[in-house]
Amino acid sequence: VMTFHLDNIRVTYGAKTAVKGVTATANVGQFIALVGPNGSGKSSLLKAMAGIIPHKGTTSHAALHPRARAQKIAYLAQSPTASPHHQIADIVALGRTPYATGLRRLSADDTAAIDAALSQCGAAEFRGRRFGTLSGGEQARVHLARTLATQAPLLLVDEPVTALDPYYQHTVMAVLRDYAAAGHVVIAALHDLTLAGQYADQIWVMQNGSLVENAAPNIALRTEILTDVFRIQRGPSGFSAL
C-alpha cells in the first residue's frame, strides 16, 4: 500500500513562515480536501509536497530523482497557462513528459493515457481545437486532463474548480474522487466547503500555516472549526458569515 508521508514540513518566504511544521500521512485511495482561509498556507504546502519550492522537513518522494518524482507526483497549479495557439491534444500530451525518452513519438501507453484523461474531464470533443478558442471553464478541464494523463500515484491540485460552473464543479470533483478510488492519492486545495464535505473522504484544515484538523468531513467541518477557523456557521440553507 502506497502512503505519502509529510514530516515537519516548513516553508518560509523571507521573514514570513507560510507553513509551520506540518506532519501528516495520505493513504492510497484517499481523496483529501485541503481547506483553510486565504493565506493559511494551502498552496505553499501543496508546492512543498510537489517539490517545486524550497522547504524544510521531508516527504516520501524527496529523495527521488526529478524524473522519477515527476512520474510519482502530478501537480496542477492554481491558474495554469498555455499558449492560445496550442492544440488541446498537444497540451494534454505534456502530462506524459516524465516518460519521454529522446525525440520519440507518443507510445501506445501515452495515447491511451491522453485519451482516457480527455474523456474523464469531458474534454474529448476539444482535442483538435486550439486552446485560445475555449472558454475559461473548458481550459480548466484541459489542464486537469493534462495532469491526469501523467497517471501519477499522487495528484496535487490547487483550486481545480474555481473557474467552473456548478455542473463542471461536480464533474471535476467526481473525477478526482474516482481517481483516488482507483488506487491513487488525491490532495486538492478547495475553497468550497460544501463540495469538500460532499466528495472528500478526509479533510485537512489549515490555519495560519498549521494543520489544525485532519479527519473525516463530519468531524473536520464541525461547528467549532467552522467558527474558529472560517468564521462561518452552518444553517438550514447552508453556510453563512458569523
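The values are calculated or read from the model by the stated rules, or taken from the named source; none is laboratory data. Note that this is a predicted model, so its numbers are computed, not measured. Cβ atoms come from the backbone with ideal geometry, glycine included; neighbour counts cover every protein chain shown. Accessible surface areas use protein heavy atoms only, side chains included; no ligands, DNA or RNA. Shrake-Rupley method; radii C 1.70, N 1.55, O 1.52, S 1.80 Å.
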Just to be sure, is I53 under 17 Å from the mean Cα position of the chain (by Cα) and open to solvent by 20 Å² or more (accessible area, probe 1.4 Å)? yes
Of the residues in the stretch 39-71, those that are out of contact with any helix residue (DSSP H, G or I) (no Cβ under 9 Å at 6 or more places or on another chain), charged (D, E, K, R) and within 23 Å of A149 (Cβ to Cβ) number 1
Given (1) in a helix (DSSP H, G or I); (2) within 18 Å of K47 (Cα to Cα); (3) of a type outside the set (S, T, Y), index of the condition L155 fails: (1)
Kindly indicate whether any position in the stretch 17-34 is out of contact with any strand residue (DSSP E or B) (no Cβ under 9 Å at 6 or more places or on another chain), surrounded by 14 or more Cβ atoms within 10 Å (Cβ to Cβ) and of a type in the set (S, T, N, Q). no
Every listed condition ((1) under 16 Å from the mean Cα position of the chain (by Cα); (2) aliphatic (A, V, I, L, M); (3) outside any strand (DSSP E or B)) holds for A62 save (1)
Every residue from the stretch 197-225 that is surrounded by fewer than 17 Cβ atoms within 10 Å (Cβ to Cβ) and in a helix (DSSP H, G or I): Q198, N218, I219, T223, E224
Would you call Y167 over 17 Å from L148 (Cα atoms) and in contact (Cβ under 8 Å) with a residue 24 or more places away in the chain? no
In the stretch 25-81, what residues are closer than 20 Å to M173 by Cβ, in contact with a Ser or Thr (Cβ under 8 Å, 6 or more places away or on another chain) and among the β-branched types (V, I, T)? V28
What is the residue count in the stretch 4-40 for residues that are closer than 27 Å to A181 by Cβ, among the polar types (S, T, N, Q) and not in a loop (DSSP other than H, G, I, E, B)? 3
For the stretch 189-218, enumerate the residues that are β-branched (V, I, T) and farther than 27 Å from T17 by Cβ. T194
